[in-house]
Structure formats: structure tokens, C-alpha cells
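Below is one structure; the comments refer to it alone.
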């Protein structure tokens, strides 16, 4: 005679994909893009001075003539946005466009623009009273900025301008890089800058 056992009630437990650390009052989590580890109130995007990266999705380079023609689509009064600035669109969840690229330059990004964008992003997060933010590794999505350098700037920005409301930051990374990103942040926290 064959015994039949009841099926166990199984549930999926997400493990190993979310890694976190604390910087001041902010919990910083690294998790794969497309898999939010918590409810996000604002999504940051890496963008260029004419907001073309979000339109094209591929970050293709354009010449100065093409760029002026593209920017001309917005009207004769359109001025390219200032690198380092942040543009807010939409409402809950907010979309925050960090301007870190000028597609008429080579390379299209500068470290000072990324740092200014991070600082301005923290100001906007406070102004909007956001408690959670999804943040790509600025400068490395459409550029070749070193991830460690971005993490140093993020750490400095969170400590120099402690956010009043922000409690969680989701660093959107590849699944295989989550642990590495958090380990690097832990090392950065132990250094004196």
C-alpha cells in the first residue's frame, strides 16, 4: 500500500538578492533593476541636457548639429538643461531626472556633474518629503564612471546633506553586483574622507 502525504504549504522567500547597509539615517539597499525591495516614492533617472536618453533609451551619441536640431524640436526658446541639475516630473511616484550627460561632449559625463546632481537630488527629495528613492548608479548607466567613485559621492552626499525624510534608497544594480556594491559601501564608510 502506498501512503499519500499531504503537500506541504510552501511559500517563496526572496533571499540573497537584497543587500543593505546604513548611511546615517538612510538604509541603502542594492537590488536588481525591476525588482523593488520596498514601495518607492521617487524614481531617479540618468539623463542628458536635452532629456534624450529617456526618449531614445539607448544613449546614442549625436553631433552638435543633430543636438541643436533635436533641441529645436522643443521650440526656439528651449535651452538645454544645466548639467548637475535635477528635473522633477509626474506625481507619486515622482520621476527625478538627474542631468549628468551632455551628448555634445566626449565623454558625455563629468564627475562634478554627477556630484552636483546627487546633491540636487537630495534637495529635491527633501522638498518633496520622499521617504524612499530608487537610484541608478549615476554616470555608469549611460557612461563609464567608476562605480566605486559614484558610491563615494553618494556616501558623501548623504552625510553632508542628511535628508530629513528619506529613510530608504534602492540602488538599482545587476543581480550579480548587489553584494559587491554593498561591500564597497561598507569599506567606504570605514574610510575618512
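The values are calculated or read from the model by the stated rules, or taken from the named source; none is laboratory data. The structure displayed is predicted, hence computed values, not measured ones. Backbone-built Cβ (ideal geometry, glycine too); neighbour counts: all protein chains shown.
When you check residue 89 against the structure, is it at pLDDT 90 or above, over 29 Å from residue 179 (Cβ atoms), surrounded by fewer than 12 Cβ atoms within 10 Å (Cβ to Cβ) and touching a strand residue (DSSP E or B) at 6+ places or on another chain (Cβ under 9 Å), yes or no? For residue 89, the condition - at pLDDT 90 or above, over 29 Å from residue 179 (Cβ atoms), surrounded by fewer than 12 Cβ atoms within 10 Å (Cβ to Cβ) and touching a strand residue (DSSP E or B) at 6+ places or on another chain (Cβ under 9 Å) - is met. I'd like the full set of residues that are under 28 Å from residue 129 (Cβ atoms) and under 13 Å from the mean Cα position of the chain (by Cα), limited to the range 153-180. Once the filter is applied, which keeps residues that are under 28 Å from residue 129 (Cβ atoms) and under 13 Å from the mean Cα position of the chain (by Cα), the range 153-180 yields 153, 154, 168, 169, 170, 171, 172, 173.
Is there a residue in the range 120-131 that is more than 18 Å from residue 43 (Cβ to Cβ) and surrounded by fewer than 22 Cβ atoms within 10 Å (Cβ to Cβ)? Looking through the range 120-131, none of the residues is more than 18 Å from residue 43 (Cβ to Cβ) and surrounded by fewer than 22 Cβ atoms within 10 Å (Cβ to Cβ). Pairs meeting the criteria (first residue in the range 160-181 and without any contact (Cβ under 8 Å) to a residue 60 or more places away in the chain, second residue in a loop (DSSP other than H, G, I, E, B), beta carbons under 6 Å, at least 6 apart or on different chains) are 165/129; 165/131. Go through the residues of the range 54-66 one by one and say whether even a single one is modelled with pLDDT under 90 and within 25 Å of residue 126 (Cβ to Cβ). Within the range 54-66, one or more residues are modelled with pLDDT under 90 and within 25 Å of residue 126 (Cβ to Cβ). Within the range 108-120, one or more residues are over 12 Å from the mean Cα position of the chain (by Cα) and in a loop (DSSP other than H, G, I, E, B). When you scan the range 94-101, do you find a residue that is at pLDDT below 90 and touching a strand residue (DSSP E or B) at 6+ places or on another chain (Cβ under 8 Å), even just one? Yes, some residue in the range 94-101 is at pLDDT below 90 and touching a strand residue (DSSP E or B) at 6+ places or on another chain (Cβ under 8 Å).
What pairs can you find where one residue is in the range 135-149 and touching a residue at least 60 places away in the same chain (Cβ under 8 Å) and at positive phi, the other is buried (at least 18 other Cβ atoms within 10 Å of the Cβ) and part of a helix (DSSP H, G or I), and their Cβ atoms are less than 7 Å apart, with a gap of 6+ or different chains? The qualifying pairs are 139/114; 139/150. Taking the criterion of being part of a helix (DSSP H, G or I), modelled with pLDDT of 85 or more and farther than 20 Å from residue 51 by Cβ, would at least one residue in the range 130-140 satisfy it? Within the range 130-140 (the criterion being part of a helix (DSSP H, G or I), modelled with pLDDT of 85 or more and farther than 20 Å from residue 51 by Cβ), the answer is no, since none of the residues qualifies. Among the residues of this structure, residue 155 does not count as one that is touching a helix residue (DSSP H, G or I) at 6+ places or on another chain (Cβ under 7 Å) and part of a loop (DSSP other than H, G, I, E, B).
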